[in-house]
Amino acid sequence: MAKYAVTPTKKEVFFGTQEIIVSKTDLKGRITYANDVFCKIAGYKEAELLGQPHSILRHPDMPRCVFKFLWDTIQNGHECFAYVKNMTKHGDFYWVFAHVTPSFNAGGQIIGYHSSRRCPDRDPINIVEPIYKQLLDIENASANSKEGMNEALATLVKICKEKGMSYEELVLTISR
C-alpha cells in the first residue's frame, strides 16, 4: 500500500483527555498495531495503517529534527517524550503528547517500539509551536535537507542548553 498524498487543512481535531492513542512499530517504524482511538482520530481503518511507516501521519509543520531526536533516543534504548502535530487521512491535524519507548525481547534486544499518546493541554502547545516553527524555518532554508535537519537539531539543543535543561526536561516541564 502506497503512502497517501494528503493536503493539509487548517481544521484541528481533538480526542478526549481520557483517551489514549496507542501504536506499535517494527524496527523500521512500520505500524504493527493501532488501537481503535488511533484509527478513529487519524481517520484510517486498521488495515490501512498496518505495514505503513508511522510517518504516514507526519504533518508538514513538524520539523524533521524532532523526529531525528526521537529516533536517535529510542534506538539507543531510551524512552522519549515529545509534542507532535499529526495529520489525519483527510488532512486535518491533531496534537499529541507522545511517550515513545523501545520494546525489548527476553535477551534485552530492541524488537520494536511502542507509543502512547495523550491529548495535550493548550499551554504547552502554545510554547512548543513557535519553537517548532523556528526549527522548520531553519530546515527549509537549507539547500540540503539533511544539513538543514542537523542545523535545526543543533538549534534545538542550543535552546535547551540556554534553558539549562535537556529536551526531555523541557518537554516535561512545559507539560505540567
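The values are calculated or read from the model by the stated rules, or taken from the named source; none is laboratory data. The structure displayed is predicted, hence computed values, not measured ones. Backbone-built Cβ (ideal geometry, glycine too); neighbour counts: all protein chains shown. In case anyone asks, the SASA skips ligands and DNA or RNA and just uses the protein heavy atoms, side chains included. Shrake-Rupley method; radii C 1.70, N 1.55, O 1.52, S 1.80 Å.
Just to be sure, is residue 120 under 17 Å from residue 93 (Cβ atoms) and touching a helix residue (DSSP H, G or I) at 6+ places or on another chain (Cβ under 6 Å)? So residue 120 does not fit the description; no. Within the stretch 132-147, being open to solvent by 90 Å² or more (accessible area, probe 1.4 Å) and over 16 Å from the mean Cα position of the chain (by Cα) holds for 140, 143, 146, 147. In the set (1) assigned to a strand (DSSP E or B); (2) open to solvent by less than 20 Å² (accessible area, probe 1.4 Å), the condition left unmet by residue 44 is number (1).
The single condition among (1) of a type in the set (Val, Ile, Thr); (2) assigned to a strand (DSSP E or B); (3) closer than 24 Å to residue 10 by Cα; (4) open to solvent by 30 Å² or more (accessible area, probe 1.4 Å) that residue 127 does not meet is (2). In the stretch 108-119, the residues that are more than 14 Å from residue 71 (Cβ to Cβ) form Cβ pairs under 6 Å with partners that are at pLDDT below 95 and assigned to a loop (DSSP other than H, G, I, E, B), at six or more places apart or across chains, as follows: 119/17.
For the stretch 148-170, residues that are at pLDDT below 90 and either part of a helix (DSSP H, G or I) or buried (at least 19 other Cβ atoms within 10 Å of the Cβ) (or both) total 4.
Every condition in (1) closer than 17 Å to residue 171 by Cα; (2) of a type in the set (Val, Ile, Thr); (3) open to solvent by 10 Å² or more (accessible area, probe 1.4 Å) is met by residue 66 except one, and the failing one is (3). If a residue must be open to solvent by less than 50 Å² (accessible area, probe 1.4 Å) and out of contact with any Lys or Arg (no Cβ under 6 Å at 6 or more places or on another chain), how many such residues does the stretch 76-107 contain? Of the residues in that region, 16 qualify. Cβ separations smaller than 8 Å between residues 6+ apart or across chains give the following pairs from the stretch 159-172 residues that are over 18 Å from residue 134 (Cα atoms) to residues that are at pLDDT below 90 and surrounded by fewer than 16 Cβ atoms within 10 Å (Cβ to Cβ): 165/173. Could you list all residues from the stretch 16-54 that are over 14 Å from residue 89 (Cβ atoms) and out of contact with any strand residue (DSSP E or B) (no Cβ under 7 Å at 6 or more places or on another chain)? The answer is 16, 17, 18, 19, 28, 36. Within the stretch 47-60, the set of residues being surrounded by fewer than 17 Cβ atoms within 10 Å (Cβ to Cβ) and in a loop (DSSP other than H, G, I, E, B) comprises 50, 51, 60.
Could you tell me whether residue 23 is part of a strand (DSSP E or B), under 15 Å from the mean Cα position of the chain (by Cα) and of a type in the set (Ser, Thr, Tyr)? Yes, satisfied. Is it true that some residue in the stretch 110-117 is in a helix (DSSP H, G or I), out of contact with any Gly (no Cβ under 9 Å at 6 or more places or on another chain) and either open to solvent by less than 30 Å² (accessible area, probe 1.4 Å) or aromatic (Phe, Trp, Tyr) (or both)? No: zero hits.
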